[in-house]
Amino acid sequence: MAGLEYSESDVSEGHDRPLRQQLTEVYRLLLARYGPQQWWPADAPFEVIVGAILTQSAAWGNVEKAISNLKQAGALTPVSLRKLPLDELAGLIYPSGYYNAKALKIKSFVERLGDAHQDSLERLFSLDVPSLRRELLTIHGIGPETADSIILYAAQKPVFVIDAYTRRILSRLGLSPPRNDYSALQELFMENLPTEEKLFNEYHALLVRHGKGVCKKVPLCDQCCLRSVCLHR
């Protein structure tokens, strides 16, 4: 991908290389192993947003079941979700877990979308990234990871999403910043990679794929495509 070039001599320098080159090598190794992820799997941006809320503390397979329930009920629109009683919404999204709390979060989002943006995602997404992020973070139940997922995958604007898989992988690679909070981890990627939505999308999706399948809580190091750059091994 444009902007992600380095030489063979860079590779031989290991962890003494600049952080930008180390992050680039990790990306290339993951992409070579797994290929493009085509994430987020959804039919429309609004479905991405609902999925981003439902996936909090939930396996994606269970989120898919909840979204399928909403589709079958004809409830996957802002207007339908506002009209739907809270307990009925909770019942439909039951497979995703924490269904009562998530129902309230979804209600909060669609109410804001209607009140402030007349149900127009185009109007909401016309905000620049900092303004859009601030707006999302004022909505009940939307924290930094969910807000950034909405910005990256629904609005298709360049922001890097940090999740538990990313934290774990960076820690094992020896690339975690000293402060190691959400903002510092996000800055690590955004200050050392080209600001490209497609790159951030693919990189994050690859980290999730690797974290779920190989770099687990008990890692499968013998199957890891990052062994050559990993300190944990």
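Give me a count of the residues in the stretch 139-174 that are of a type in the set (Val, Ile, Thr) and outside any helix (DSSP H, G or I). Quick ask: steps written out before the conclusion?
Within the stretch 139-174, the subset of a type in the set (Val, Ile, Thr) is 139, 142, 146, 150-151, 159, 161-162, 166, 169.
From what is left, the residues that are outside any helix (DSSP H, G or I) are 139, 142, 159, 161-162.
So the answer is 5.
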Scan the stretch 99-118 and give yes if some residue there is modelled with pLDDT of 95 or more, buried (at least 17 other Cβ atoms within 10 Å of the Cβ) and not in a helix (DSSP H, G or I), otherwise no. no
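Could you please find all residues in the stretch 49-60 being in a helix (DSSP H, G or I) and crowded, with 21+ Cβ neighbours inside 10 Å?
Here is the first cut: in the stretch 49-60, the ones in a helix (DSSP H, G or I) are 49-54, 60.
Once the filter is applied, which keeps residues that are in a helix (DSSP H, G or I) and crowded, with 21+ Cβ neighbours inside 10 Å, the stretch 49-60 yields ILE49, VAL50, GLY51, ALA52, ILE53, LEU54.
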Is there any pair linking a residue in the stretch 67-87 that is under 18 Å from VAL48 (Cβ atoms) to one that is in a helix (DSSP H, G or I) and polar (S, T, N, Q), with Cβ under 9 Å and at least six apart or on different chains, and which? ILE67/SER96; LEU70/SER80; ALA75/ASN69
Give LYS217, LYS198, LYS212 a once-over and let me know the one that is in the same structural domain as GLU25 (by TED's automatic domain parsing), out of contact with any strand residue (DSSP E or B) (no Cβ under 7 Å at 6 or more places or on another chain) and in a loop (DSSP other than H, G, I, E, B). LYS217
Report the residue count in the stretch 30-48 for those that are outside any loop (DSSP other than H, G, I, E, B) and within 16 Å of ALA205 (Cα to Cα). 6
Might you let me know whether the stretch 61-71 holds any residue that is closer than 19 Å to LEU113 by Cα, outside any helix (DSSP H, G or I) and modelled with pLDDT of 95 or more? no
Odd one out for THR146, checked against (1) in contact with a helix residue (DSSP H, G or I) (Cβ under 8 Å, 6 or more places away or on another chain); (2) surrounded by 15 or more Cβ atoms within 10 Å (Cβ to Cβ); (3) not assigned by TED's automatic domain parsing to the domain that holds ILE49: (3)
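The values are calculated or read from the model by the stated rules, or taken from the named source; none is laboratory data. This structure is a prediction, so every number in the text was calculated from the model and none was measured. In this analysis, Cβ positions are derived from the backbone assuming ideal geometry, glycine residues included, and neighbour counts consider all displayed protein chains.
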